[in-house]
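What follows is a single structure, written as structure tokens, with notes after it.
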Amino acid sequence: MALASVAALDQRQAAAAAAPRKRRSAVRRLRRREAVACGREADLEVDSEVLFRLIRDAEEDLLISDFWSSALETINRCLTKHLEQLKAPVGTFSKVLGNLHLDSLQDESDVAPGSIPGESLIPGTYHMKCVCYGIGNFATCVIARNQLAFLLLLLEKCQIPRSHCWVYDPLFSQLEIAVLNNLGMSVLSENEEGKRSICGEPTIFYMLHCGTALYNNLLWSNWSLDALSKMVIIGNSFNGLDERLLTRILQKNYPYIAKILKGLEELEFPQTSQYMDIFNDTSVHWFPVQKLEQLATDIWAFREEPDYQDCEDLEIIMNKTKDPSGADLNSL
């Protein structure tokens, strides 16, 4: 998608945000605020070199913020427990989550194009993968760019090679795909609708401000005690979803979220004024085996694939079913 098209898309999103609507979901309201913020940058002409610099600036700003240190501590608390569950060497991971420096012992020739020196990783003893859905148009949107910067720093902290991070958003422009490839990340070519099985491999899912159906699909694709116990989800607060949605709506439209609420632990991201609109309503979720084992056995027998035909206000771009022109009203 050309930048001019992205700009037009952002303008349509901003216009849609201004229209009065009753009982909007919190996620949809957030998306509209993002669209307005992105629209302020939509006329920015960027090329890959400029975009690399903007991403680097966003990383450097994050690193010196109080938010970064607090968010990292939140993630560390969750992953430490998660590693204990996986019987991984916690001491090794604690070392991995040591002080992050922009300087590096590597030669600059070893650094991925457009990255901060020292950002490329040597895989550690703790092997984890990462999947990122719905990060948005980071070439023209400062919110999406900050979310990408956070992801890059998180990969470095966890010593997850960028090639082991799969990224997808149906709205990515060709420029954004090229930049992600040059950063060493793996860009998915097809819309999975969140239906990705971890295949037994510990995986972090980074899904900020995504539609509820995407989380429901992800849980369905990994609906077993073994798979869920190997997953960490950084995204919309599940407890917040439970509070905002009527119980009957949650159980009917998003049954896997409804069923797993008593089988997870959730740590909220810190809130700071600088990053309020970027990381609000974000939590780290993991699934302790002890809690999963306490769920009723018949819960695991229900494996029906989600069907959202009767859902209103659905916020997901369905694979091969949505026209790109409608993307402004249905975003990941």
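The values are calculated or read from the model by the stated rules, or taken from the named source; none is laboratory data. It should be emphasised that the depicted structure is a prediction, and the values quoted were computed from it without experimental measurement. Here the Cβ positions follow ideal geometry from the backbone for every residue, glycine too, while neighbour counts run over all protein chains shown.
Assorted remarks:
- Tallying residues that are closer than 18 Å to Gly235 by Cβ and assigned to a loop (DSSP other than H, G, I, E, B) within segment 198-209 yields 4.
- Out of Asn253, Asn239, sole residue that is under 25 Å from Asn280 (Cβ atoms), touching an Asp or Glu at 6+ places or on another chain (Cβ under 8 Å) and surrounded by fewer than 18 Cβ atoms within 10 Å (Cβ to Cβ): Asn239
- If only residues of segment 174-190 that are more than 15 Å from the chain's Cα centre (by Cα) and within 29 Å of Asp307 (Cα to Cα) are counted, the one that is surrounded by the fewest Cβ atoms within 10 Å (Cβ to Cβ) is Ser189.
- Single residue of Ile317, Ile299 found to be at pLDDT 90 or above and among the β-branched types (Val, Ile, Thr): Ile299
- Residue match in segment 213-227 (condition: acidic (Asp, Glu) and in contact (Cβ under 8 Å) with a residue 40 or more places away in the chain): no
- All of (1) aromatic (Phe, Trp, Tyr); (2) more than 13 Å from the chain's Cα centre (by Cα); (3) modelled with pLDDT of 95 or more hold for Phe93 with one exception: (3).
- Taking the numbered list (1) under 26 Å from Glu49 (Cβ atoms); (2) free of Cβ contacts under 8 Å to residues at least 24 places away in the same chain in turn, Cys199 passes all entries but (1).
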